[in-house]
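The values are calculated or read from the model by the stated rules, or taken from the named source; none is laboratory data. In this text the structure is predicted, and so the values were computed from the model without any measurement. Please note: Cβ atoms are built from the backbone with ideal geometry, for glycine as well, and neighbour counts cover all protein chains shown.
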């Protein structure tokens, strides 16, 4: 899988991602300590509001940012976003009130909502071969999982010699390092795009997303993954410390089990996807995760708490299924748009997927507080199962790239009919089908 790093441009961009993720991990630790320093026992409220602001920025600003910067050079956009994030991180050590945290977090996450979709949309242009792009997706998943393990360790070691305020400096260094690596990368320019109005650019990604059956299915798969992931992310600390009377180290072990499951899936997927369709892998992961959560939750709700090793096994399995759902999603987006439309489509995916988390985060926390671990896992597992069912209905099994379709509104000598695909009639032809200016509705009957 690492042979894809022989591509120097991708290697530099992947390194930029890793460095930025390490900085983000340090930020997570430092932010929690800063919140406690300012608010004391109310720190959880401050962090909860900050995380909500983060999700709102992701959901609301990603499509807007994509529409605004679509006319600019991609490399400059990526570098500028990194530098804005670095500047926001440098101001964080000087905050002394909660509202300042909220303002800086909004600025930082607005820059991330600009950077991440643009970065993700760049990789398919650098790695046009599907097998290489699949390896890149798996490496990206590994980077996220390793960050969850490495960043807390790095933060802990730094806190032995410096105060937590210096962690913000580490965050800034990570973003500056990312900007420098992007600066040295040769990012291909997108061909001249058609000039479009702001409203068209703003809604283009969401229109492509909602008009493409496989992407409508992807939305519900995102919701299934968020249902499972929210239980792990929101409630693991409480489950380990109060349900199992475990230590802080046990919390780390449980989260590491989830991360290890995700990494195992990421390492296996490039070879698996050579033989099995994205649809089968993604839905299999979602179904298995839902079943595991309902089964574990039912046993917990009606009987004794299962053994600690059983929880670790479920978390490991959930991580594997979680990665199986999410890792191939970039392949679907790549298949579903022209290169010029990919930034807006990736921005739509970024916003819509985080909208799922905006629902499941508070839902998971509220259910756990009101009904306990067993009921929470059963209900979130059922939610994931219902999302899977909706996805199966919206994403048909016969998902072909080349489709026959007609253009009854075009003259027979129209350039699109003459130059694209194989003609099958006066106004009909076959070619790789994506939603664009000539194809606004998915063909259902030829």
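Only one of the numbered conditions (1) closer than 23 Å to residue 350 by Cα; (2) in contact (Cβ under 8 Å) with a residue 60 or more places away in the chain is violated by residue 90, and that is (1).
For the range 394-410, residues that are surrounded by 11 or more Cβ atoms within 10 Å (Cβ to Cβ) and out of contact with any strand residue (DSSP E or B) (no Cβ under 8 Å at 6 or more places or on another chain) total 5. Within the range 264-274, the set of residues being surrounded by fewer than 23 Cβ atoms within 10 Å (Cβ to Cβ) and part of a helix (DSSP H, G or I) comprises 264, 267, 268, 270, 271, 272.
Apart from one condition, residue 96 fits all of (1) touching a residue at least 24 places away in the same chain (Cβ under 8 Å); (2) outside any loop (DSSP other than H, G, I, E, B); the exception is (2).
Being closer than 29 Å to residue 224 by Cα and in contact with a helix residue (DSSP H, G or I) (Cβ under 7 Å, 6 or more places away or on another chain) is the filter here, so list the residues in the range 398-422 that pass it. Across the range 398-422, the qualifying residues are 399, 401. Of all the residues in the range 315-329, those that are assigned to a helix (DSSP H, G or I) and crowded, with 24+ Cβ neighbours inside 10 Å number 9. Within the range 274-290, residues that are more than 14 Å from residue 398 (Cα to Cα) reach partners that are surrounded by fewer than 20 Cβ atoms within 10 Å (Cβ to Cβ) with beta carbons closer than 6 Å, at six or more positions or on different chains, in the pairs 290/385. Looking at (1) under 26 Å from residue 140 (Cα atoms); (2) in the same structural domain as residue 380 (by TED's automatic domain parsing), find the lone condition where residue 176 falls short. Only one criterion in (1) under 26 Å from residue 140 (Cα atoms); (2) in the same structural domain as residue 380 (by TED's automatic domain parsing) is unmet by residue 176, namely (2).
Looking at this structure, is residue 291 more than 18 Å from the chain's Cα centre (by Cα), surrounded by 17 or more Cβ atoms within 10 Å (Cβ to Cβ) and modelled with pLDDT of 90 or more? Here the answer is no, as residue 291 does not meet what is asked.
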